[in-house]
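Visitor: Once you've had a glance at the structure underneath, I'll fire off some questions.
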Amino acid sequence: MSSPYLLHAEGIRKSFSGVPALLDGHLALRPGTVHALCGGNGAGKSTLLNILMGIIERDAGTVRMKGHEVTFNSPHAALKAGIAMISQELEPVPEMSVAENIYLGREPRTRLGLIDHRAMQRQTCELLASLELDLAPDAKLGNLSIADMQMVEIARAISQDAHIIIMDEPTSAIGERETELLFSAIGRLKQRGAGIIYVSHRMNELYRIADDYTIMRDGTFIESGAMADIDRHRLITTVLGKELDEEYAKFNRPGDNTLLEVDGYGRGSAFQQVSLHLKCGEILGIFGLMGSGRSEFLDALFGAAPADHGEARLEGSPYHPRHPGDAMRAGFAYVTEDRKGSGLVMDASIKRNVTLASIADVAHAGLINESRENLATRPFIDRLHIKASSVDMPVRQMSGGNQQKVVLAKWLQTNPRILMLDEPTRGVDVGAKREIYAFMSEFAQDDRAILMTSSEIPEVLGMSDRVLVFRKGRISGELSGSELTQENLVRLSS
Amino acid sequence: MSQSSSLTSSPVPKGKPSHNLASFMSDYGIVIAFIVLCVVLSVVSPYFLGVNNLLNVLRQVSINGVLAIGMTFVILTRGIDLSVGSVMAFSAMVAASFAGASADYGLILPILLGLGAGLVLGSINGLMVARFAIPPFVMTLGMLSMARGLTYIYSDGMPISSLSSHFLWLGQGMVAGIPVPVLLFATVFIIAWFTLRYTAFGRYVYAIGGNPTASRLSGINVRRITFSVYAISGILCGLAGLMIAARTSAALPQAGVAYELDAIAAVVIGGTSLAGGKGRIIGTLFGVLIIGVINNGLDLLGVSSFYQQLVKGAIIVIAVMLDRSRLTNA
């Protein structure tokens, strides 16, 4: 029995303690193609992928590889059959070298049964060369950029003869240049006849590299077809199941008064000589690649890692934050790029996360007033359209978009005037993205303003009134009006 | 999984999530385990349920209980305090040296000195961990040895006995038929429960254990909270020192060796995660009681103390194992 499909999953069902997460999972992957798996947060994509990888067991349905029915009960079994997954969640061993990571668990041996380091080194060199990757086999993995680590994971997948590679948001943590490297690696994988299941919330990427698409919504297969046959608008409305307003709901208007001035800010080698001004009612975009110093600059402005050069003035008065507390008192709020790592207490409830930065407002003489805490939290559930069964729900159980809204709620609760957003929509689905954009416009009114960094070009172009471009720790240019183009951003940043 | 939540949720939150058997067990599993243990022991030993025996169990657990409460605060912040046994011994020695039957220092001075000794050593732990980023395991391991050394130096290796009757009341007295150590333990427990449940400080203890970076960026003074939990553990070691010296009528330089293990065991059996941020003081109470009841039951059954250690160790591992399987099934 032959099949035109590398992988064909049909009728996959899965419930978690009685709650259905996947009702009808369906995916047909052709060899030598990139297949976009599309759906909002909670559509059941991750459940389907985890089932394909053998991480969780399916309740019903069939999975066939090249026509043969298969069932994997562990990722190891899936890997043996040729399915590999590359995601942010898969942790490599940072203290070991590139070569050791690639051959982890199946190191070449000498006749005495010892690890044959020379053979391992040689095989790694050949492998990296075949992928045109410029990495040293003995480099410590922990010293590499996230993008390079992903490349190592891809090399590892290929060395294991994987011909089905699942990529879950592979570009969410890497910059423009690294994305290009990833795409050319994907191109080479296609030539070898591999099939790639690609998940991303970034529409531009899907249209660039995907051949086929499958759309899921609410745990159910909706439709699939060739990427060339579906336009952007129909793709988004099918994913969401409804018509959408304009993507970048931008209606803020910069005023004349300057809210914040920064003059010659610098810290160590992270960034130097950064000067800027931010007006009331303005959304100021900061664009730069990973490691360009943009996040470090925001850290300094928030007092998390204070600047050692330069000065800042808030409405004319000196502003020298030594701790986040100083910044918060001055009216700053900071949504970091890593919401799991530095934004949320994952095991705590929505309520406790929302009031984390403003306990004093719901406490009296050190005692927390829980009804006041509930009253403080509930309005944000409505205002930001947070989907939750109750304010006592642990944020770990929420989707990425809803978690991001909880972080926003935490900072709104502090009544900030300057909201700093680092990658505000990373790992957030299309619907929630729009809600966040609309919220940004709403926030940047009157005497408030937003400082936003992003590596997603359409977002920077769509939401910013002005853009400062960071390159190697310095501002390489400022763009506004008609200069705000993708070409200019790329030119100034690289 | 994240999927399940948004599929079933309505945009407006209403009421609490429904409770099923699994969540009931995870909330009250330790209580059930404790009750089962008591029922079994009352069947196999007719003495177990006697009022005297039960009071005896409570008296025996109160010292470990006080230590375990301090330990819960520390472990909730992702820390550990290995020095509790030694700090307790040092505090006992300092207090006892001012509580001799012949000398007349009253009751207040030895109490303050005992608590103060614990507070000072605990604060050193806290300072080094919070300010100089010494890993808690290393710092308190060092303090375990240093405090023991101080105890021997201070006492010249000799026990201090013949303590004043006022002082002995702390360990042997009764109020309304209840032993004083039990009352002290109960008081500390209620304060700790209230602190963790209702105060901003308690909230911060959970938050910095759950995610120190997010807490710091939310304006929480992580260093101060971290310092405080070690200071709290220290002062509770001081209290435990007063209790043990008064109960045994002497301060012994070798008192409290390996007490940190029982305190950590009680916290872990009580369901508090060593990874920080998760756990409840009520769990620690039952952890303390379970260890106490096992010791008592095996005593009543005439099982040798060698076997008691074996059983206790096995129970710790089983308790954590059950906790793990609950987490992975969730």
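Visitor: Within the range B:176-197, is even one residue modelled with pLDDT under 95, out of contact with any Leu (no Cβ under 6 Å at 6 or more places or on another chain) and part of a loop (DSSP other than H, G, I, E, B)?
Guide: Looking for residues that are modelled with pLDDT under 95, out of contact with any Leu (no Cβ under 6 Å at 6 or more places or on another chain) and part of a loop (DSSP other than H, G, I, E, B), one finds at least one in the range B:176-197, hence yes.
Visitor: Can you find, within the range A:168-191, the residue that is farthest from residue A:85 (Cα to Cα) among those that are out of contact with any helix residue (DSSP H, G or I) (no Cβ under 8 Å at 6 or more places or on another chain) and not in a helix (DSSP H, G or I)?
Guide: Taking the candidates together, the pick is A:172.
Visitor: How about the range A:1-25: which of its residues are touching a residue at least 40 places away in the same chain (Cβ under 8 Å) and farther than 16 Å from residue A:70 by Cβ?
Guide: The initial filter retains those residues of the range A:1-25 that are touching a residue at least 40 places away in the same chain (Cβ under 8 Å), namely A:1-3, A:5-15, A:20-25.
Scanning the range A:1-25 gives A:13, A:14, A:15, A:20, A:21, A:22, A:23, A:24.
Visitor: Further question: Among (1) hydroxyl-bearing (Ser, Thr, Tyr); (2) more than 18 Å from residue A:301 (Cα to Cα); (3) within 14 Å of another protein chain (Cβ to nearest Cβ), there is one condition residue A:414 misses while meeting the rest; what is its number?
Guide: (2)
Visitor: What residue, among those in the range A:202-240 that are polar (S, T, N, Q) and more than 20 Å from residue A:456 (Cα to Cα), is surrounded by the most Cβ atoms within 10 Å (Cβ to Cβ)?
Guide: Just the residues of the range A:202-240 that are polar (S, T, N, Q), to begin with: A:204, A:214, A:220, A:224, A:237-238.
If we keep only those that are more than 20 Å from residue A:456 (Cα to Cα) too, we end up with A:214, A:220, A:224, A:237-238.
On the way: A:214: 23, A:220: 16, A:224: 18, A:237: 13, A:238: 17.
That would be A:214.
Visitor: Out of all the residues in the range B:19-35, is one or more closer than 21 Å to residue A:350 by Cβ, within 14 Å of another protein chain (Cβ to nearest Cβ) and at pLDDT below 50?
Guide: Yes, that holds for at least one residue.
Visitor: Can you tell me which residues in the range A:276-293 are open to solvent by 50 Å² or more (accessible area, probe 1.4 Å) and not aliphatic (A, V, I, L, M)? Steps first, answer last, please.
Guide: Here is the first cut: in the range A:276-293, the residues open to solvent by 50 Å² or more (accessible area, probe 1.4 Å) are A:277, A:279, A:290-291.
Within the range A:276-293, A:277, A:279, A:291 qualify.
Visitor: Pairs under 8 Å by beta carbon, first residue on the phi > 0 side of the Ramachandran plot in the range A:426-441, partner at pLDDT 90 or above and open to solvent by less than 10 Å² (accessible area, probe 1.4 Å), six or more apart or different chains?
Guide: Pairs found: A:427/A:404.
Visitor: Out of (1) within 25 Å of residue A:276 (Cα to Cα); (2) part of a helix (DSSP H, G or I), what's the single condition that is false for residue A:432?
Guide: All conditions pass for residue A:432, except number (1).
Visitor: When the residues of the range B:198-209 are narrowed to those that are under 19 Å from residue B:283 (Cβ atoms) and open to solvent by 30 Å² or more (accessible area, probe 1.4 Å), which ends up modelled with the lowest pLDDT?
Guide: B:198
Visitor: Which numbered condition in (1) touching a residue at least 12 places away in the same chain (Cβ under 8 Å); (2) facing another protein chain (nearest Cβ under 7 Å) is the only one that residue A:342 fails?
Guide: (1)
Visitor: I'd like the full set of residues that are part of a strand (DSSP E or B) and modelled with pLDDT of 85 or more, limited to the range A:62-108. Explain how you work it out, then say what you get.
Guide: Let us first name the residues in the range A:62-108 that are part of a strand (DSSP E or B), namely A:62-65, A:68-69, A:83-86, A:97.
Selection gives A:62, A:63, A:64, A:65, A:68, A:69, A:83, A:84, A:85, A:97.
Visitor: Looking at residue A:124 and the list (1) surrounded by 15 or more Cβ atoms within 10 Å (Cβ to Cβ); (2) part of a loop (DSSP other than H, G, I, E, B), which single condition is not satisfied?
Guide: It fails just one condition, (2).
Visitor: While we're on this one: Quick check on the range A:328-339: of everything there that is at the interface with chain B (Cβ under 8 Å from one of its Cβ atoms) and within 23 Å of residue A:272 (Cβ to Cβ), which residue is surrounded by the fewest Cβ atoms within 10 Å (Cβ to Cβ)?
Guide: Quick first cut of the range A:328-339, residues at the interface with chain B (Cβ under 8 Å from one of its Cβ atoms) only: A:328, A:334, A:336.
Cutting the leftovers down to within 23 Å of residue A:272 (Cβ to Cβ) gives us A:334, A:336.
Numbers: A:334: 27, A:336: 22.
Out of the qualifying residues, it is A:336.
Visitor: Quick check on the range A:394-409: of everything there that is among the small types (Gly, Ala, Ser) and part of a helix (DSSP H, G or I), which residue is nearest to residue A:380 (Cα to Cα)? Walk me through how you get there before you give the answer.
Guide: Of the range A:394-409, the ones among the small types (Gly, Ala, Ser) are A:399-401, A:409.
Checking the rest, the ones that are also part of a helix (DSSP H, G or I) come to A:400-401, A:409.
Details: A:400: 17, A:401: 14, A:409: 6 Å.
So, considering only residues that are among the small types (Gly, Ala, Ser) and part of a helix (DSSP H, G or I), the one nearest to residue A:380 (Cα to Cα) is A:409.
Visitor: Related question: Kindly provide the set of residues from the range A:141-157 that are in contact (Cβ under 8 Å) with a residue 60 or more places away in the chain and in contact with a Leu (Cβ under 9 Å, 6 or more places away or on another chain), ordered by number. Please lay out each step first, then the result.
Guide: Going residue by residue through the range A:141-157, those that are in contact (Cβ under 8 Å) with a residue 60 or more places away in the chain are A:145-147, A:150, A:152-154, A:156-157.
Residues satisfying the conditions are A:147, A:150, A:152, A:153, A:154, A:156, A:157.
Visitor: Taking residue A:406 as meeting all but one of (1) within 17 Å of the chain's Cα centre (by Cα); (2) open to solvent by less than 10 Å² (accessible area, probe 1.4 Å); (3) more than 14 Å from every other protein chain (Cβ to nearest Cβ), write down the number of the exception.
Guide: (3)
Visitor: Next up: State yes or no: is residue B:82 closer than 30 Å to residue B:276 by Cβ and either in a loop (DSSP other than H, G, I, E, B) or free of Cβ contacts under 8 Å to residues at least 24 places away in the same chain (or both)?
Guide: Values: closer than 30 Å to residue B:276 by Cβ: yes; either in a loop (DSSP other than H, G, I, E, B) or free of Cβ contacts under 8 Å to residues at least 24 places away in the same chain (or both): yes.
Yes; evaluated as a whole, the condition is true for this residue.
Visitor: Out of all the residues in the range A:340-376, which are β-branched (Val, Ile, Thr) and farther than 22 Å from residue A:325 by Cβ? Lay out the reasoning, then the answer.
Guide: Quick first cut of the range A:340-376, residues β-branched (Val, Ile, Thr) only: A:345, A:350, A:354-355, A:359, A:362, A:368.
Result: A:350, single match.
Visitor: Starting from the range A:116-140, take each residue that is assigned by TED's automatic domain parsing to the domain that holds residue A:190 and list its partners that are among the aromatic types (Phe, Trp, Tyr) and assigned to a loop (DSSP other than H, G, I, E, B), counting only C-beta distances under 8 angstrom and pairs at least six apart or across chains.
Guide: A:120/A:103; A:123/A:103; A:124/A:103
Visitor: For the range B:274-297, give me each residue that is open to solvent by less than 30 Å² (accessible area, probe 1.4 Å) and over 12 Å from residue B:68 (Cβ atoms). Before the answer, list the steps.
Guide: We begin by selecting, within the range B:274-297, every residue open to solvent by less than 30 Å² (accessible area, probe 1.4 Å); these are B:276-277, B:279, B:281, B:283-284, B:287-294, B:296-297.
Within the range B:274-297, B:276, B:277, B:293, B:294, B:296, B:297 qualify.
Visitor: Can you work out which of the residues in the range A:386-402 that are over 17 Å from the mean Cα position of the chain (by Cα) and charged (D, E, K, R) is nearest to the other protein chains (Cβ to nearest Cβ)?
Guide: Ranking the qualifying residues of the range A:386-402, first place goes to A:387.
Visitor: Turning to a different aspect of this structure: Kindly indicate whether any position in the range A:366-383 is open to solvent by less than 10 Å² (accessible area, probe 1.4 Å) and at the interface with chain B (Cβ under 8 Å from one of its Cβ atoms). Don't jump to the end; show me each part of the working.
Guide: If we filter the range A:366-383 for residues that are open to solvent by less than 10 Å² (accessible area, probe 1.4 Å), which is where we start, we get A:373, A:377, A:381.
Adding the requirement that they be at the interface with chain B (Cβ under 8 Å from one of its Cβ atoms) leaves A:381.
Checked the range A:366-383: at least one residue is open to solvent by less than 10 Å² (accessible area, probe 1.4 Å) and at the interface with chain B (Cβ under 8 Å from one of its Cβ atoms).
Visitor: Looking for something farther than 24 Å from residue A:257 by Cα, assigned by TED's automatic domain parsing to the domain that holds residue A:471 and open to solvent by 20 Å² or more (accessible area, probe 1.4 Å) - is there at least one such residue anywhere in the range A:314-327?
Guide: Yes, the range A:314-327 contains at least one residue that is farther than 24 Å from residue A:257 by Cα, assigned by TED's automatic domain parsing to the domain that holds residue A:471 and open to solvent by 20 Å² or more (accessible area, probe 1.4 Å).
The values are calculated or read from the model by the stated rules, or taken from the named source; none is laboratory data. Note that the structure is predicted; figures quoted are calculated from it, not measured. Every residue, glycine among them, receives a Cβ derived from its backbone with ideal geometry; neighbour counts consider all protein chains shown. What goes into the accessible areas is simple: the full protein's heavy atoms, side chains included, and nothing from ligands, DNA or RNA. Shrake-Rupley method; radii C 1.70, N 1.55, O 1.52, S 1.80 Å.
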